[in-house]
Every structure is written in C-alpha cells, then in structure tokens.
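Taking it in order: structure first as structure tokens, then the write-up.
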2 protein chains.
Amino acid sequence: MRNLVLASIAATGIFLFVAAALGTSSPAPSDESRLEQKFDALIAPNDLRDWMKVLASEPNHVGSPHDKANAERILGWFRDWAWDAHIETFYILYPTPIKETLELVTPKPFKATLQEPPIPGDSSATAREPALPGYLVYQSDGDVIGGLVYVNYGMKDDYETLERLGVGVKGKIVVARYGGGWRGLKPKLAAEHGAIGCIIYSDPANDGYSIDDVYPEGPMRPYHGIQRGSVLDISLYPGDPLTPGIGATKDAKRLSIAEAKSLVRIPAIPISYGDAKTFLESLQGPVAPPSWRGTLPITYHVGPGPAVAHLAVRSNWGMKEIYDVIATMNGSTYPDQWVIRGNHHDGWVFGASDPLAGQVALLAEAKAIGTLAKGGWHPKRTIVYTSWDAEEAMLIGSTEWAETHAAELKQKTVIYINSDTNARGYLQVGGSQDFQHLVNQVAVDVTDPESQVSIGERRRAKLRVAALEPGAPERVKAEAKLAADPAKDFLIEPLGSGSDFSAFLDHLGIPSLDLGFAGEGDFRGVYHSRYDTFEHHTRFVDPGFVYDALLAKTVGRLVLRAADSDLPLQRPSDFADALGEDLEVAKKLLKQKREEAETQDKMLRDHAFQVAADPTKSSTPPAPMSAVPQVNFSALDNAVTRLKKSAKAYDDALAKQGPKLSGAQLARLDSIMLNIDQTLAPDAGLPGRTWYKNVIYAPGRFTGYDAKTMPAVTEAIEDRQWGDVDRAIKITAEALDAYSNQLDQATAVLNGAPTANR
Amino acid sequence: MRNLVLASIAATGIFLFVAAALGTSSPAPSDESRLEQKFDALIAPNDLRDWMKVLASEPNHVGSPHDKANAERILGWFRDWAWDAHIETFYILYPTPIKETLELVTPKPFKATLQEPPIPGDSSATAREPALPGYLVYQSDGDVIGGLVYVNYGMKDDYETLERLGVGVKGKIVVARYGGGWRGLKPKLAAEHGAIGCIIYSDPANDGYSIDDVYPEGPMRPYHGIQRGSVLDISLYPGDPLTPGIGATKDAKRLSIAEAKSLVRIPAIPISYGDAKTFLESLQGPVAPPSWRGTLPITYHVGPGPAVAHLAVRSNWGMKEIYDVIATMNGSTYPDQWVIRGNHHDGWVFGASDPLAGQVALLAEAKAIGTLAKGGWHPKRTIVYTSWDAEEAMLIGSTEWAETHAAELKQKTVIYINSDTNARGYLQVGGSQDFQHLVNQVAVDVTDPESQVSIGERRRAKLRVAALEPGAPERVKAEAKLAADPAKDFLIEPLGSGSDFSAFLDHLGIPSLDLGFAGEGDFRGVYHSRYDTFEHHTRFVDPGFVYDALLAKTVGRLVLRAADSDLPLQRPSDFADALGEDLEVAKKLLKQKREEAETQDKMLRDHAFQVAADPTKSSTPPAPMSAVPQVNFSALDNAVTRLKKSAKAYDDALAKQGPKLSGAQLARLDSIMLNIDQTLAPDAGLPGRTWYKNVIYAPGRFTGYDAKTMPAVTEAIEDRQWGDVDRAIKITAEALDAYSNQLDQATAVLNGAPTANR
C-alpha cells in the first residue's frame, strides 16, 4: 500500500520537474520499483519472437489443428512457468465455408478470384495447411442473383443518403466498403433494407495503396488482400450465437439456429479491391457522393444497373470445440480477489499482429511473473492469466468463460486487463475511467524506447501534435490542452466492444482496461488477411519485438500493482469528471438535434430541397424529423453532482486515512470497492439489448466497436426515440446513485480509521 | 428613377409576401419591368448556340487566325446591332511553344505523350487548325535534368510541410498537382525554393474520374486531358509583362524581357494524369501526407529518388497582336456616365465553356439592347460592350485597354460588369459590396428555368442545403442563416482576380461585378483543354443554352438598370457591414496566430515534436514562429464605425430625399457617387505590389484568384509581417475615411433637396 502511494506521487510529472529543478536526487527505489525492475529484466524480445514464430507458423483459426496445438503449447508454457493452468473447452456453432462463388453476370462475365496468392519469402507461401478462404463467419448461406448497389460503408446514414438519391436496395446485392463502422452492421442493415446479399470489399483509400506501399514492398493491403471477419450481431450479444447469457458448455441448453437472433439473414462475402474493381466499374446510376468515393481508378457510381451479380455461399454449420487456456497464481493475502489478464490466441489465418503480438506480450508477462514466483515473490491477490480462443468469431472464448463463471467473477474480480493487437507506436488505452489514475501512474514509469521519455509523456506529445493538424476535432484539441499540463492526468477512452473485455465490462460490470501500442507500425493493411504473418510483423509492425515487449512491461506493471496494492485502485473523481463531460455532450447533442429539426422543418416548408435540387439527378427531400421535446435532465444532473461530491469525499479520505487503516478496515474497504463498478451494470441491462448490463459503457448499436457512454440516453437522443429518453435518464441516474451510495459506504469506512480527524 | 425605386420595393421578398398575404394584386408593370420583358423576349437560345458553334469551331488562342476572325465577326455583329463598334489592337509579348520534351530518365525510360488525342464526333477531332499543345504561357524556356520531388499543390504551406519532412527541392524538378491555389504560384514558389523545373498535372481526384465519368462518357477530364494556362505572376501585375501600368500600344515604352518581373524564371509544363502516373509512381522517399494524396492507383511518395526527369521547353518569344472589340451606345441623358460590360473571346483551344458561354450571353444582351435601340428606346447612360482578347494570357486585353484609357474610365465609369465561364446551375456573384442590393433586386426578378423560382431564391435554397453538409464551414452556415431570411439580402462575395474585372476594380478602383451560373453543368474536367468544345458544352454544361441565356437576362437587367437609373446604385451600408465583418475576421486571425505561436513555443520547449516523431521517418520540428505583438486596431475600428454611421445616414437620406431631388442636385449627387469607390484605391496602392491600388479588394498574394479583403492588413497578419501591420491599418483606415467623407458630401446634397424635412 505504502509503496503504491509513494509511487503515485513520484509518478507525477510535477514531482519529477520540481525534483529536477531543486537539484534533489530521486527517492530511493521502493519495493515496488525494485520488483518492477526485476520484472523488466525478465522480458526478453527474443522470447516473444520465438513464441510468435511458432504460434503464427500455421493457420490458427477456430477449428484448425494449429489452434488446438497452440492452446496446448500455451498450456505447457504456463505450467513450465509455475502457473496452475488448464484448458477450458467450449462447444460453439462455427460454420466454415464449403463453396463460395461470386461473379458478375451483366454487363460482362467476370468471376471473382476470392484468392490471396502466396507471397514468396512469407508464411503465406510456406504454411502447409490451407487457410480459411475469404469468408464472413455467421453470414447466412444462400445462392442469389441480383442487381448491384454500392452503399459506401453500408451504415445507417448511408441508407439515408441512398433514400435521398432515390435508390433502393430491395432485391439487390449491396457492395459495401470496409470502414465507417463495424463490419457486421453492413449485412445486417442491408438485410433490414431488403437486400438479398452483401459484398464487402477493402477500398485502397482505406487500407491499400493510398495509405502506403502494399505488401510485400510496404505494409498495406495488396491487390488481392481480403479482410475476413465475423458478422455476428454484437449489438444484441457477443459469444456463441446459440447460448446467449450462458456458457457454451457441452450440455448447455441451446437455441436452434433459427432461434439465434445474432445470426445475419443474408449471404455475404468479403473480397479484395482487385476483385471489387470490376464489379464497381460496371455500375451506373448516380455518381456516388464525394464522401463515398474511394481511390480505385474509376468513377464510383451507386447503381443500380447494369451490373448484375451472382453470389453463392455454402457452409458447414457444424459445432466446433474452442480452447481457453486459464492459468492461476494464488494470492498470498487476498486469494479471493482476482486480477485477470487476457488476450486471445486464435487468428483469422496466421494472426501475427492480430492477436499474437498481444499474446506474446502476455506470455512474456506470465513467464516473468512465474520466474518471480519461483524466486520467492508471491502476489497478494490471485492473478489469473487467460488465453482466449474464438475471439475472432465474436469474442466467444472470453464470453463463454465469463458467462460460465459469472457469479464467481462478479464476486472476486478486481479488474480485467486486456490486450489484443500491438504495434510500434504510442500508448493506446481505454477502460473504466475510475482506473485512469492507475494507468497514468504506470505510464510515467515505463520508458519509450524510441524517444527515451515515458510512454505517458510520449502519448501527451503525440496528442499535442495531433491537435495541430488542420481540422482536428475539438475533442482532440481539448485532450491536447489537458495533455500539455503535466500536473493533470491524460484521459483514457471509454470502452465499447471489439475485444475480450466486452463480457467482463459490458455484461458483468467488472472494471476493465484495454491496452496496446499503435500508430507507427501498421497492420491495418493485412488485418484479417493471409498476409498478417510473422514476416509482415517483423518487417513493418514491430521489428525487434520492441513494442510487444514494451506492452508486456506496461501491462505487467498494471497486473503487479493491482495484485499487490492493499488499497483499492480506483480514483472515482476521474470517473465523475468524465461523466460530467458526457452529460454535457448529451445535452449539446439534444440541442443540436432540436436545431437540426427546426432548420429542416423550415427548409421543408420553404421547399428549399426541391428548389436547390438538380432536376437532372434523382433526389428527394429528406424525411421530416420528429420535433424534439423538452427533456428533463435533472435526475442525471443530480446524480452527477452527487457522484462528484461523493467521489471527492472518498478520494480525499483515501489519501488521508488510507495508509492508517487496520487490516479489518482494509478488508471491509476492499470488499466495498471490489464490486462498486458493478453498480453500473444493473440486471435489467440496456433497453432492447439486455445482455448489455452496463448503463455507462456499451458499444454503439450503430457503430459496433466504439463506445457510447450513458448509451441508453445517448442513443435515444441520436436515434430520436424521444419516448425512451426519460426512462434512459432514470436507469442511468439510478446506477450512478448506486455507485455513489456504495462509495459513501467506503468513505465511512475510511473515516472510521483509527487516527481519523473528526 | 421612380421606376427603379418602385422596382426595388417590389423586388423584396417581404413585399411580395405581404402582398400575397393581404390578397392584394401585383402592382401594374413599371416601365422598367416592361422594358425588361421586351429584353427577355429578344434573348434566343438558338442565337447563342449558333454564335458559340462558329466562335468555337477552331482553336482561338492569342495569335491564331480564328482569334482574329472571331474579333472581326463580333465587330460585325455589334455593328449589325446598331452599336458604334471598333477593334482596339494591342501588341503584347506572347511566347508560343516550338518544342517541348518531358521524359523520365531513371528508373525506367518513359517519354510523356503531351498529347490530347482527338475524340470522334467532337470538335477536337474535326478542327482544321492545330491547337496549342499543352503549354504554360510565360514559363521560362530551358533544358534541365533533375531528380523529381512531389510538392502536392506547390503552395506555401506545402513547402513548409516539405521542410518538416526534410525534403528540399534545390536543383530538383518539382511535380505539382493542379488546385489549391493559382497555377502561376506553382513554378514561382518552386523557383524561389531552388527548383530548376516544374511539372503541373491534373490529378483525377480534382477533376478526373473521381468526380464523374470522363469525357466523352461524362464531363470530367479524360486520361490524356491537359490544363493549359498562364503562369504570369499576377501577384505583381496582370497584363502584358512588358508594359506594367501602361497600355501596350504599338509605340509604348516597353521593358526588356529580362526586366519583366512578372515572368517565371524556370521551365514549366502541364501534363495529363495519364502521363503523370509514370513519373509519380517512380518516386520513393517519404509517403506523401494524407492531404497530399490524389486518386491515381499508386502510393504517392514525395521523393527525391530514384526518379530523374528531363524537361525541355523552347518557345517563340515574339510579339502578338490582340483584338479587343469595343462597342458603344451613347446615353441620352448622361452620356459621360458609362456602364461597361465585358467578357473575353479568346480561349485556350476551342474555349466553348471558357469563355464563349459568357461571350454568347454578352452577345445576346448586345443584340437585344441594339434591337431595343432600333425600336426607339435609348439608355440614359452610355453603355459600352467589350469583348476582350488575351484574357487567358493573363487578363491582357482588358488590362491594356483599362491602362490605356485609365483617366477617362476613372472619370466616367459607373460600374464594370463582367462574366466569363457559365454553366447550368446557381447564380454566382461577386463584386463591390455597395452594389449588393442592386444584385439582389435583379435576382428576385429573374426566374430560374429549372425550379421556376427566382434565381435569388434558388441561390438561397442552395446555400441552405450546402450548410447542412457535414463539416460545412461556419461562414457557409452564417450565410445560409442569412439566406433563410427573405427580408435580408443574400451576400455577394468580394472579388480577387482571375477574370477581366481585375484592372477595373484592383487597379482603377472602379466598382465591379462578376456574374455567372455554375454548380450543375460541369466544365472543370475540360477546363483549358482541347476538350472544352461545343459538343462538350451542349452535352454536359448547358444543354439548350438555357443558362447561358439566363446569364444574358440577368446581366442584361443589371446593365439596363445601371444605364437608366437616375439615382446612384450603391447602398453603402452593405459595404460597411461587410467591412465590419472583415475587421472582426482580421482580429480573430491575429488572436489565432498568437495562440498558435504560444502553443508552438511551449511545444518546442517541451520537445513535443521530437518526442512524438516516428524515428524511422525523417521529420524536423517546425521553425519557431515569431511572437505576435499587440496590434492597435483603433484607427480601423474608428473608420468602420464612422463608415457605418455615414452609410446609414446616406441610405436613409437617399430613400427619403432621392425621389425629390432637382436635376442639378441629381447631377451633383451622381458625380459624387460615380467615383466614390475609387477612394478605396489610393494611388500609392498596396505595399510591395503597387499596381494593385485597391486597399479593400485584391487577390491574395498566395492564393492567386481568391479575394483578400483589406489585403494589406490581412496578409501582414497571415504572413506574420508584424512590422507591416500598423502601416497597413493606417492606409486602409484612410481609404475608408475618404469614402466616408465623400459619402457625407452626397448625404449633404440629399439633405439639401427642396422638400427635405429639417
């Protein structure tokens, strides 16, 4: 405890600055600091290289022999490193392709190659086992012929634009480009608008030659690179589609495929821009709006006509076994308080950067912690290292495990710390914002190998430079301003979904962090393709495994500090401040919606859309927006005000009384704070998607991965569901009040400490 | 006079609205309205078609036989239409190409085609006389070999970016794409940075396949389309490079070529994207920043290396005759008050949309006015119709004529009204802002043929729709808000340069307007190419010559009202309001510069640029910005306040007393207001470019065509020339005070009217 508090002071830039200015020497290293130095010394980039080389040597998707072999290999390593490890197997619906056809029928016959040719000198050329072809898992088999329509990213606003252009997709096959929102929304929204098939392609503007040279000359997506992926509807629930809310154990009660609401209802296929060009250049109809145009050397038309395509997908809809590796090291003092650390091990093909870059960092941490344990050190709390399977299928390994052990996890978990992909670059971190200060404390203690300043300082510098870019959003400018003040913590982002933290944070309410480095090495161009290989990673993403090792040092510190701290790790004021900002954003959004509706109403009455329209182009005025009612935010205003007050009282009390607590008081305090974040995830969950319990953090229903804070409120406003706003405010305010109540209990414990001033 | 005042009331939306609401009938048509109806009836789209067909039938650039023939043809028509017309000939330096070579030497030999192949069924295939090849007139002949560097648009900020990338252009040949600022700045800035040659190409992102289908399938620039143009340095002076400030008459005193400061000092050539691709894809070095990338199917690298090119241009630097056609119709009441109307007749090749679309509108006006005159109507003021030559060379015909007749023009000209290109679409209008209300009055009286509302209302609707676009600038939103209020006039843009109004407005201080329709028909893709043909215009730009005829109706009304109004045409309050806004913008700009400098200074001291930089990429911190001093704006504040007050007093007095003035008072008033705008163009002119006299309106030194209002002040701030700001404020304030003084004299005349209330 003491160590952590000391470290937290030493960790601020201000302290270091003052110390330097006064010419004082650094404080003597604490126990914590000595432990972390030992830990660092045990992280060997060559280990990471060796592990990645073997793990990425063959395709390792769900159901592949190498996926199972990797799980067993990882199990063996954990055991070698003094962990109590086992494999937990789940049984999931996982279709694999038998036959895929995509061809242009009209105006000229063309058969899509659907192939990623091997690249000499690269794993893509030498692996023995065939990889999965370009495939979207959980699309619906079918054999359809239809006219093509280009729908840009295929997001909600794109369909609004299409409506204004007078183009419908009913009975059509849509062509969407990757980007703009989560992949699975593309076939989902297409089907909802009446489309019978969905083609998703990678435009060179987004991750191809327009970004950098293409592989193998550079890192970006080559002509025939294909992005695979899952299209399971995460807006409803992630995990095995047949077992929502429960673990997919062998004897679990399962839905039928027909009952599984998270499955897409039309056939879909991913293709390369090499293949896409022929389909797109065959389209006529309106020219695509400027923001819809990619960088293929063609004029982007929306269609329909004259292009007609034939799309057929047939899959084997069998069950597959998946293999989560779970490794435990019991805590010496608080064995029933768990710090959980996870990263998945399954990839789409070889999966070097995604997920093995994060996986080998995790392994390095586990090996180092094991070595420390062999040397006599033991964590106070129990540490659980997890290597998930089937993340790519839609977070299945982690979700099924979390669902299976929900009660115990809610009772015992202090924090879940996740990573996934990793690259040379800058610290990226999101998570429960009451853990923001912990992250900042670690970030000042880890040195960036390129700049020789701390990863926190480098992140701050990058934010400040980014804010100078022409057109930088106001949010970035505000963050940069904050980042320029070393006395203040940098912000961490709220989390949505898209990696294995989702079941912990969104479903169980367990506080979570997600970390990685990114921004210099670049794996966007091989993402989910056959070219995400060991060779690509070592040439373009993290040569020398420097940043993969840095991830291990960063996350390892979080794990060690979380495991050894006697005092709770949250600083609730940071959470309260973030919520205060979010509430202001929600109010501004409402105001903006009102102004939009009023402006549009006046324009419709003035016939401004018809008058401005080019009569040679089809165009209809937008559908009238509903009028925006007055909204009573007072329940949320009160809840946020209360939270700020409670948080300040707690933070002040912790700083003052924390170090003086008796063992019994400490135990009482920890037990209150251990599950306080779960108050944010009431059992009723979010309206309309009750698997998502957390009413503060959720992925957006129409963004997929990105977070919406206070999602019920924000999305009711965004979607103009005025009837839902009042209830959304109520459930959100209630959750915040519950958090404040529990926090007040913790403050009472702190103020009951023996030497408290009264 | 009475007619105009009546029309001006009838013209406001409010009046019409009130009339409609009360169920009153429209007022009986005024004399003016009857005249304009007759005028409209004389505008025949088929005339315009026939004239364009013959004028655009052969290449008509300066020095071509067809250019001279067109001038004589136009002269003949004017004479047929009862105008007193003549050709005024000037003698200008006008180099034409003898030999052009551009080839890639390394890494693979490639010879640029430099050709625009003919298109079957198009004038480009059938014209007998060879067109000018791709050529930049007033480039400097030379024969150079050098490494290539891609410089994006080749503007000032692009060279700052290059510096940060650690890439210099000394001894290199730069490749710039068209766009981002005026063409001539590209070789000029390249030479200033030490480059030895300049290639300018048209990127498909800007006017090629990424915008729409390419000609002949669609309107946009085809694979081998080339944009010709002049690179004479208009930031110094337009017109014949050898006769700055004086007319290029046969016996004018001329500079030697070596003395002509407006000539570029390095060889330069324009090429197509078909040719450019090979050069660009041979470059390595840093990947171009995101905003630098076009849509060729390549990765845009900046260079240098390995691409080395050979560029050679040799020209015939002879003198050429140019032919301005001047047609006069004397005024019956005020023969020494001139309303001048102009449009150029020379094109780069066939010049259908540029300039003949505007030229045929002008001819239609002239024919209709002539017909009215034959029918017994005579303008009160003298009308001068002008058809300029050598505009494409750099506004030469109009500039030499304005310089030759400067004294008389300053004495007699009420207004100069210009047009140039024209297309189907929305009214575009810029000019002296004290004439804004006149434009608004006309705009409500002309009906848009597509929407059947007035061209003013359509312009307003278009602005309102544009303001809904994501990311619409605040300026557009403010204009749209104004446009939504029918009680308020829409704004007209200030003018910079780029067409024949420049000598009138910028050099002589004569108030000017520039009008055209644009936004639906699209000639960007054939701009200055061999494909700007009659066929292209009639298929894609203005089928049926509907909007070319509409331009005639719009400008014709301006000419008729300006010629027949007894009262002055200005409404100075509009000018004062615009100046007030401009002053606020200048102050904000200064504040922003100060904040930028402070932020950058702190970042440099914190080494934020180095810390954030990717060490595998060359990058240097930006050069430190000079600190921003406090600036005393009070002289301008006072001048604007005074102007607003004087303007209001004048406008009120005019409305009240104008109709009551005696003939002598009217003459006195007109003589004061005729040259009041010239107070804005003191003889000293702008610091550093004294050809530009107007201290309120000028083209930006680093934008080329776009206007800078209060240019001395704005550009001193933009360029961080803090030492120049005080003097700039002084000369600008003095000019405004002179305007106010003269306005007060006019108000005194008004208030001296016989029945004035005292």
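The values are calculated or read from the model by the stated rules, or taken from the named source; none is laboratory data. The shown structure was predicted, so the numbers you read here are calculated from the model rather than taken from an experiment. Using ideal geometry, Cβ is built from the backbone for each residue, glycine included, and neighbour counts are taken over all protein chains shown.
The single residue among B:210, B:235, B:262 that is part of a loop (DSSP other than H, G, I, E, B), polar (S, T, N, Q) and touching a Leu at 6+ places or on another chain (Cβ under 6 Å) turns out to be B:262. Scanning segment B:168-209 for residues being touching a Pro at 6+ places or on another chain (Cβ under 7 Å) and more than 24 Å from residue B:527 (Cβ to Cβ) gives a total of 1. The condition of being buried (at least 24 other Cβ atoms within 10 Å of the Cβ) and more than 30 Å from residue A:319 (Cα to Cα) holds for only one of A:393, A:357, A:366, that being A:366.
In segment A:718-737, the residue that is farthest from residue A:638 (Cα to Cα) out of those that are of a type outside the set (Lys, Arg) and part of a loop (DSSP other than H, G, I, E, B) is A:719.
Among the residues of segment A:677-693, those that are touching a Pro at 6+ places or on another chain (Cβ under 8 Å) and over 16 Å from residue A:716 (Cβ atoms) comprise A:677, A:691, A:693.
Among the conditions (1) surrounded by fewer than 19 Cβ atoms within 10 Å (Cβ to Cβ); (2) assigned to a strand (DSSP E or B); (3) out of contact with any Phe, Trp or Tyr (no Cβ under 8 Å at 6 or more places or on another chain), the only one that residue A:89 does not satisfy is (3).
Among all residues of segment B:260-281, there is at least one that is over 34 Å from the mean Cα position of the chain (by Cα) and within 14 Å of another protein chain (Cβ to nearest Cβ). Here segment B:610-624 is the region considered, the condition is being polar (S, T, N, Q) and facing chain A (nearest Cβ under 8 Å), and the residue that is surrounded by the fewest Cβ atoms within 10 Å (Cβ to Cβ) is B:616. If only residues of segment B:205-230 that are touching a strand residue (DSSP E or B) at 6+ places or on another chain (Cβ under 9 Å) and acidic (Asp, Glu) are counted, the one that is farthest from residue A:298 (Cα to Cα) is B:207.
Taking the conditions (1) within 13 Å of chain B (Cβ to nearest Cβ); (2) under 14 Å from residue A:272 (Cα atoms); (3) surrounded by fewer than 24 Cβ atoms within 10 Å (Cβ to Cβ) in turn, residue A:220 satisfies each one other than (3).
Restricting attention to segment A:451-491, and to residues there that are touching a residue at least 24 places away in the same chain (Cβ under 8 Å) and surrounded by fewer than 19 Cβ atoms within 10 Å (Cβ to Cβ), which single residue is nearest to the other protein chains (Cβ to nearest Cβ)? The qualifying residue nearest to the other protein chains (Cβ to nearest Cβ) is A:484. In segment A:687-710, the residues that are outside the structural domain of residue A:192 (by TED's automatic domain parsing) and under 24 Å from residue A:190 (Cα atoms) form Cβ pairs under 7 Å with partners that are of a type in the set (Phe, Trp, Tyr) and surrounded by fewer than 24 Cβ atoms within 10 Å (Cβ to Cβ), at six or more places apart or across chains, as follows: A:699/A:705. Taking helices (runs of 4 or more DSSP H) as the structural unit, those lying wholly within segment A:508-612 and holding at least 2 residues that are of a type in the set (Asp, Glu) and free of Cβ contacts under 8 Å to residues at least 12 places away in the same chain correspond to A:572-605.
Entry remark, segment B:476-507: residues being under 18 Å from residue B:182 (Cβ atoms) and not in a helix (DSSP H, G or I) number 9 in total.
Scanning segment A:185-204 for residues that are assigned to a loop (DSSP other than H, G, I, E, B), over 30 Å from residue B:296 (Cα atoms) and among the small types (Gly, Ala, Ser) yields a count of 2. Selection of segment A:165-177 for residues being crowded, with 18+ Cβ neighbours inside 10 Å, of a type outside the set (A, V, I, L, M) and not in a strand (DSSP E or B) yields only A:172. Figure legend. Inter-residue proximity from segment B:40-51: first residues within 16 Å of residue B:422 (Cβ to Cβ), second residues among the acidic types (Asp, Glu), beta-carbon distance below 6 Å, spacing 6+ or different chains. Indicated pairs: B:48/B:548. Mind listing just one residue for me: the one in segment A:647-667 that is surrounded by 18 or more Cβ atoms within 10 Å (Cβ to Cβ) and under 15 Å from residue A:566 (Cβ atoms) and, of those, modelled with the highest pLDDT? It comes out as A:654. Quick check on segment B:234-261: of everything there that is at pLDDT 95 or above and of a type in the set (Ser, Thr, Tyr), which residue is nearest to residue B:694 (Cα to Cα)? Filtering first and then ranking leaves B:237. Restricting B:247, B:225 to residues that are in contact with a Phe, Trp or Tyr (Cβ under 8 Å, 6 or more places away or on another chain), surrounded by fewer than 21 Cβ atoms within 10 Å (Cβ to Cβ) and touching a residue at least 12 places away in the same chain (Cβ under 8 Å) narrows the list to B:247.
Screening residue B:200 with (1) closer than 17 Å to residue B:294 by Cα; (2) within 14 Å of chain A (Cβ to nearest Cβ); (3) in contact (Cβ under 8 Å) with a residue 12 or more places away in the chain gives one miss only, at (2).
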